[in-house]
Amino acid sequence: METNTFLQTHRVFNLDEAVQALAPPGGRKATLERLSYAADRGKLKNLARGVYASVPPGVEPGKFQPDRFLAAKALRPDAIFSHHSALELLGAAHSEWRLCTAYSARRA
């Protein structure tokens, strides 16, 4: 798969998803090089170690804020959203918070 196509279809992803989808001949190292090139061109933002967000066209990478629920899912794939975050996802919350609460079996 081409890198630009992958970035357009995956707004927030982790390195393992990128390696599987892009499947370059060099494996993980080649994927990191492709992602690094995209980040240098302003098409990608590094959220955490191994977690990335695609920057939409016309948006400055420094000002771009990815969807917090997608970012939490990429950081902790086993996480379960709880408290106010769960209410927001269900559409039952009366307000929107910047904080995203989730439970995970892994340590922070």
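No value in this document is a laboratory result; all are computed from the given coordinates. As the structure is a computational prediction, the values presented were derived from the model and not from experiment. Using ideal geometry, Cβ is built from the backbone for each residue, glycine included, and neighbour counts are taken over all protein chains shown.
How high is the FRET efficiency from Leu32 to Ser95, r the C-beta distance, R0 35 Å, rounded to 0.05?
FRET efficiency, Leu32 to Ser95: 0.35.
GNM, the chain, Cα, under 10 Å: largest mean-square fluctuation among Arg11, Arg28, Arg98?
Of Arg11, Arg28, Arg98, the Gaussian network model singles out Arg98 as fluctuating most.
Given C-alpha coordinates of the stretch 3-65, what is the ratio Rg to Rh with the Kirkwood estimate of Rh?
My calculation of the ratio gives 0.94.
Could you please rank Arg76, Arg106, placing first whichever residue has the fewest other Cβ atoms within 10 Å of its Cβ?
Arg106, Arg76
So, R0 is 30 Å and r is the distance between the beta-carbons of Ser104 and Asp40; what FRET efficiency does that work out to, to 0.05?
0.40
Between Phe64 and Thr9, what is the label-to-label distance in nm when each label sits 7 Å out along the Cα-to-Cβ direction?
For Phe64 paired with Thr9, the spin-label model returns 1.8 nm.
What does the charge count near Gln65 come to, summing +1 for each Lys or Arg and -1 for each Asp or Glu among other residues with Cβ under 10 Å from its Cβ?
+3
Pick from Ala53, Ala79, Ala71: which residue has the top mean-square fluctuation in a GNM of the chain where Cα pairs under 10 Å get a spring?
Ala79
If you bin the C-alpha pair distances of the chain every 5 Å from 0, what whole percents do you get?
Bins of 5 Å from zero give 2, 12, 21, 20, 16, 14, 9, 4, 1, 0 percent of pairs.
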